[in-house]
Amino acid sequence: GVIVAINRSTQARTLSIPLDGYIPNGKVFKAIYGVGNSTGANITVASGALQVALQPLSGLLLATGSTDLNPTAAPKNLKVTSEGNGTVALSWSAVSGASGYNVYRSVVAGGGYVKVNSSPLSGTTFNDSGLENARSYFYVVKALDSAGNESAASNEVVGLPHLTIDWANLQWPPTLSYTLNTANRTDNVYGQVYIAGVTNASGATPSLMAQLGYGPSGSNPAGNSAWQWVDASFNGDAGNNDEFVASLQPEQAGSYDYAYRYSTNGGKDWIYADLDGIANGYSAAQAGKLTVSSSGDTAAPSTPANLHTLSASPAGIQLAWNASTDNAAVYGYEVLRSSSSGGPYTRVALVTSGTEYNDTTVTEGATYFYVVRAVDTSFNRSGNSNQVSATAQLRTITLNITVTVPATTDATARTVTIAGFLDRLDGGYPQWDPTAVSLTRVDATHWRITFTGKESTQIEYKYALSSWDYVEKDGTCGEIGNRQLTLSYGSNGTQNVNDTVENWRNVAPCGN
Ligand SMILES: [Ca+2]
Ligand SMILES: [Ca+2]
Ligand SMILES: [Ca+2]
């Protein structure tokens, strides 16, 4: 490092040169060349700055010479070795030449790190504590050399501190029966959890999640996509346990198992709980037994017809269809979506009021394929409607403008032009240039032009005869405000506009 210090003042001065983040404390600069100052002195960086005394109207060149400014290599193999109640333990590989390490933590990946340790760590492990459970923390480690230089960051790791469940179960009831009906759910189902030193505290345990689910009889629920889960609510303390409550709404007759599951790390991992608890693991024989019966109505609703898009933009794709009928009653419509024609479709909505849906979970520029099907009050489903596709972008409008002009126009031998915010339309038109965009003469009193542009685009414009000296005027030769227009898709994407110019400036009967 080299520093040039100059004092332009006629008074002696001491400069404080900030070096924090550039040169570590303890580095020594030597005064190697001076104008009006003596050389040879050593000055040490302290408190993140270098203090340099200068004579009036003088200069001094300072350099670190052979001082070590090169950090070691970055630490490698940073790992999370354990995650506990508010804790994350880390380890990493020792770095050759390192005299210590600093650990940095962030709540977002890739940046925002803050140093965690107060003084450099001599070992290659660190236990972070006082963390929020079920929240992700991101770590990197840097090595320090004996001169205090800090290396680049290690690989980043993520730690997820969490509680450990000691015991949990499906508490009650051991059996359920249910008749298919969109208006009803099953009876309440309860589950309990014990975490030593935690659940005995009054009230719900932060970061403890519970879900009730059901699936095929005799199946293992762990990671089984045939099981369906609903969030359970904290129901109160039951002795030293936290108790949860939830209910189910099966949609098909049959026999099922049901169980609780619990997570303390935000749903990353689940523990599956049966009637006799988790101590001996989960067994289907200890699952709750659910019997779902038909209501007697097994006739499906009619298939919805005429599915169509009402609008499509980056903000959403709006769908509408014709209502279905059913022997009992239509409960609603499932809107199914796919990224490819013909499916497979995923349900994006259950519409229980009306026959329209605005899908706002779209990505700009993406194309989606939709069908809808009707559901009756016994969860019988119709066939799929016709498929429609739509792209989540603004549509192109064809704008046909016809302008009626004064009968005096031809005699001017000038061309009718349009000027305005035409740069907002397709075609690269200029803004407000009365010489640039000509209309086509239809007959003595009609001229026309066609533009294209995106729906919802707003423009302002005026007509002229190729010059602002011949701009349009009102019926009494007064100035008029800008015409305004918003591009609208309408029924077919073509918008027809008819304007009338009353007079031109500098054409009788108008003067300037
Ligand atoms: Ca509690
Ligand atoms: Ca068990
Ligand atoms: Ca029916």
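Tabulated results
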quantity	calculated
Verdict on Y258 being crowded, with 21+ Cβ neighbours inside 10 Å, under 22 Å from L160 (Cβ atoms), in contact (Cβ under 8 Å) with a residue 40 or more places away in the chain and within 16 Å of ligand 2 (Cβ to nearest atom)	no
Some residue of region 235-252 being among the polar types (S, T, N, Q), more than 17 Å from W270 (Cβ to Cβ), within 16 Å of ligand 3 (Cβ to nearest atom) and over 34 Å from the mean Cα position of the chain (by Cα)	yes
Out of N184, N220, sole residue that is open to solvent by 70 Å² or more (accessible area, probe 1.4 Å) and within 16 Å of ligand 2 (Cβ to nearest atom)	N220
Tally, over region 468-505, of residues that are surrounded by 15 or more Cβ atoms within 10 Å (Cβ to Cβ) and under 17 Å from T409 (Cα atoms)	11
Residues of region 223-232 satisfying the condition of being exposed (fewer than 14 other Cβ atoms within 10 Å of the Cβ) and either aliphatic (A, V, I, L, M) or in a strand (DSSP E or B) (or both)	A226, D231
Residues of region 1-38 that turn out to be open to solvent by less than 30 Å² (accessible area, probe 1.4 Å), assigned to a strand (DSSP E or B) and within 12 Å of L61 (Cβ to Cβ), as a count	5
Filter result for L394 (within 20 Å of A312 (Cβ to Cβ), in contact with a strand residue (DSSP E or B) (Cβ under 9 Å, 6 or more places away or on another chain) and either in contact (Cβ under 8 Å) with a residue 60 or more places away in the chain or not assigned by TED's automatic domain parsing to the domain that holds Y331 (or both))	yes
Which listed residue, of I397, I401, is within 16 Å of V501 (Cα to Cα) and not in a loop (DSSP other than H, G, I, E, B)	I401
Odd one out for T396, checked against (1) at pLDDT 95 or above; (2) under 30 Å from T494 (Cα atoms); (3) open to solvent by 20 Å² or more (accessible area, probe 1.4 Å)	(1)
Unmet requirement for G296, which otherwise passes all of (1) modelled with pLDDT under 95; (2) within 36 Å of the chain's Cα centre (by Cα)	(2)
Selection count where residues are of a type in the set (S, T, Y), open to solvent by less than 70 Å² (accessible area, probe 1.4 Å) and over 30 Å from I32 (Cβ atoms), scope region 46-88	2
Members of region 327-344 that are in a strand (DSSP E or B), out of contact with any Phe, Trp or Tyr (no Cβ under 8 Å at 6 or more places or on another chain) and of a type in the set (A, V, I, L, M, F, W, C)	V330
Of all residues making up region 174-221, the number that are under 29 Å from the mean Cα position of the chain (by Cα) and assigned to a loop (DSSP other than H, G, I, E, B)	4
Lone qualifier among L248, L275 - being within 16 Å of ligand 2 (Cβ to nearest atom), surrounded by 16 or more Cβ atoms within 10 Å (Cβ to Cβ) and not in a strand (DSSP E or B)	L275
Any hit, region 410-423, residues being assigned to a loop (DSSP other than H, G, I, E, B), loosely packed, with under 14 Cβ neighbours inside 10 Å, assigned by TED's automatic domain parsing to the domain that holds N327 and not basic (K, R)	no
Subset of region 278-305 (residues that are more than 16 Å from ligand 3 (Cβ to nearest atom), of a type in the set (A, V, I, L, M, F, W, C) and buried (at least 18 other Cβ atoms within 10 Å of the Cβ))	I278, A287, L290, V292
Entirely in region 39-154, the strands (runs of 3 or more DSSP E) that have 3 or more residues that are modelled with pLDDT under 95	42-44, 49-54, 58-63
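The values are calculated or read from the model by the stated rules, or taken from the named source; none is laboratory data. Fair warning: this is a prediction, and the values are worked out from it, not measured in the lab. Cβ sites come from the backbone with ideal geometry, for glycine too, and all protein chains shown count toward neighbours. Protein only, heavy atoms only, side chains kept; ligands, DNA and RNA dropped before computing areas. Shrake-Rupley method; radii C 1.70, N 1.55, O 1.52, S 1.80 Å.
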